[in-house]
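These notes are about the structure you will find just below.
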Amino acid sequence: MIPAAGRGVRLGPGAPKALRALGGTPMLVHAVQAMSASRAVSLVVVVAPPGGAEEVRRLLEEHPLPERTDVLVVPGGDTRQESVRRGIEALPDGVDVVLVHDAARPLVPVGTVDAVIAAVQAGAPAVVPALPLADTVKEVEPRPDGGAEPVVGTPARARLRAVQTPQGFDRATLVRAHEAVAVEGEGATDDAGMVERLGAPVVVVPGHEEAFKVTRPLDLVLAEAVLARRRATDGDV
Ligand code: C5P
């Protein structure tokens, strides 16, 4: 499932983030192609921007996927958590492993997708790809008035991981998490976090630097460079 209903405010003004072009192709199309590159993926559920379901269906028809891949498009909600819940409701019977992948991570390599699926199939109820951090992280006391924020702690960097998507779940665990956990305000930023709140185990597999999230304008520059490098090396992206 690909939640793609975010507005992408941090990227600057323009179309919903998922529909912005990367190498001439909308980011969402790259993300759908990245998921369908895995032989284990038989269905991709796209959670579209509000009012954008028809446009998304049309775009996906213009960019054919492998024959084994079905696509379903459903409208998203106000928060990421709500969008994922709508995607879950659209899942047909018989799907036991569910991946949740941000449209904003269009360049995740198929090896990462397959590693997440394999870990769920091996028995983990929830799996996240993750990388060690380059930066040291501080916890602060946020100051809404814009004043200097006091530092309240420095978690040991060696114990921290930056998590990516696709996050993989045993379907029943993901459903239970979304039924049981209501995160107030902006909702959950991460589905595995909801599973943790349930008390179920979540494990990490190695992420990939090309699975970064396109959030700010500089990320678009990096994404274009990664695509250009792929085109130069294998000519088929
Ligand atoms: O905002 P953030 O970067 O955390 O968004 C992560 C993913 O969740 C993006 O792919 C975005 O399109 C999606 N999203 C959504 N519905 C929302 C907000 C975000 O599907 N209401």
| message | Residue under question is ASP145, and the condition is that it be of a type in the set (D, E, K, R) and touching a residue at least 12 places away in the same chain (Cβ under 8 Å); does it hold? | response | no
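Conditions (1) in contact (Cβ under 8 Å) with a residue 12 or more places away in the chain; (2) surrounded by fewer than 22 Cβ atoms within 10 Å (Cβ to Cβ); (3) not polar (S, T, N, Q), marked per residue:
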| site | (1), (2), (3) |
| --- | --- |
| VAL84 | yes, no, yes |
| ASP93 | no, yes, yes |
| VAL108 | yes, no, yes |
| GLN121 | yes, yes, no |
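Can you tell me which residue in segment 1-18 is farthest from the ligand (Cβ to nearest atom), limited to those that are in a loop (DSSP other than H, G, I, E, B) and surrounded by fewer than 18 Cβ atoms within 10 Å (Cβ to Cβ)? Spell out how you get there, then give the answer.
Applying the first criterion (in a loop (DSSP other than H, G, I, E, B)) to segment 1-18 yields 1, 4-8, 12-16.
Going one step further and asking which of them are surrounded by fewer than 18 Cβ atoms within 10 Å (Cβ to Cβ), we end up with 7, 12-15.
Details: ARG7: 7, GLY12: 14, PRO13: 16, GLY14: 14, ALA15: 12 Å.
Among those that are in a loop (DSSP other than H, G, I, E, B) and surrounded by fewer than 18 Cβ atoms within 10 Å (Cβ to Cβ), it is PRO13.
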| Residues of segment 19-28 being touching a residue at least 40 places away in the same chain (Cβ under 8 Å) and either surrounded by 18 or more Cβ atoms within 10 Å (Cβ to Cβ) or under 19 Å from ALA5 (Cβ atoms) (or both), which ones? | LEU19, ARG20, LEU22, MET27, LEU28
| query | For ALA34, all conditions in the list (1) assigned to a loop (DSSP other than H, G, I, E, B); (2) more than 9 Å from the ligand (Cβ to nearest atom) hold save one; what is the number of the exception? | reply | (1)
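Test VAL45 against the criterion of being outside any helix (DSSP H, G or I), more than 15 Å from ASP191 (Cβ to Cβ), within 12 Å of the ligand (Cβ to nearest atom) and modelled with pLDDT of 90 or more, and give yes or no.
no
Quick one: which residue in GLU82, GLU67 is away from the ligand (no atom under 11 Å from the Cβ), modelled with pLDDT under 95 and of a type outside the set (Val, Ile, Thr)? Reasoning before the result, please.
Numbers: GLU82 fails: away from the ligand (no atom under 11 Å from the Cβ).
It is GLU67.
If we scan segment 55-68, do we find a residue that is β-branched (Val, Ile, Thr), surrounded by fewer than 22 Cβ atoms within 10 Å (Cβ to Cβ) and assigned to a helix (DSSP H, G or I)?
Just the residues of segment 55-68 that are β-branched (Val, Ile, Thr), to begin with: 56.
Imposing the further condition that a residue be surrounded by fewer than 22 Cβ atoms within 10 Å (Cβ to Cβ) reduces the set to none.
No - not one qualifying residue is present in segment 55-68.
The values are calculated or read from the model by the stated rules, or taken from the named source; none is laboratory data. Everything numeric in this text was worked out from a predicted model, so none of it was measured. When we count neighbours, we look across all protein chains shown, and the Cβ atoms used for this are built from the backbone with ideal geometry, even at glycine.
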